[in-house]
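*Asks:* Please find one structure pasted underneath; my questions will follow.
The values are calculated or read from the model by the stated rules, or taken from the named source; none is laboratory data. Just so it is clear, the structure is predicted and the values come from calculations on it, not from any experiment. Cβ placement follows ideal geometry from the backbone for every residue including glycine, while neighbour counts extend to all protein chains displayed. Side chains are part of the model used for accessible areas, which takes the heavy atoms of the whole protein and leaves out ligands, DNA and RNA. Shrake-Rupley method; radii C 1.70, N 1.55, O 1.52, S 1.80 Å.
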Amino acid sequence: MKIINTKIENNTLTITLDSASSVTKVYLDSVLNKKNMYSSDDDDHNYVIDSPSISDNVITINIKEYDATSFIVSVIGSNNAVAIAID
C-alpha cells in the first residue's frame, strides 16, 4: 500500500492509495504530534478512524469536527503509509 495523494478540500480529507485492500484504520495527527507519527499505539495519536470509508482505493474523511487545516496522515494496514495533508 502506497499513498498516491492526500488533500483537504471543503472539510473533506481525501487519501488516494495504490491499493486499499488491507486498510484497517487511519491516524490523524497535528504537526505538533510528529514524534508519534510512526507509533502503532492508538493512544499516541490525536485521532483514530477505525474502518474508514473506502471506495476505488480512495479514503474520504469528513474533518469538520477535527478543527485543523493540516494533518500527518497515517494509513494502517499490512504495510503502513504516512503522508502530510495541508489545506
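*Asks:* Separation of the stretch 28-80 and the stretch 1-23 by C-alpha centroid, Å?
*Replies:* If we compute the Cα centre of each part, the gap is 10 Å.
*Asks:* While we're on this one: What is the magnitude of the charge dipole of the chain about its Cα centre, with +1 placed on the Cβ of each Lys and Arg, -1 on the Cβ of each Asp and Glu, and no other charges, expressed in debye to the nearest 20?
*Replies:* 240
*Asks:* Okay, next question. Please state the Cα pair-distance histogram of the chain with 10 angstrom bins from zero: what percent is in each bin?
*Replies:* Pairs per bin, as whole percents: 19, 58, 23, 0.
*Asks:* Sort 65, 9 by heavy-atom solvent-accessible area, probe 1.4 angstrom, most to least.
*Replies:* 65, 9
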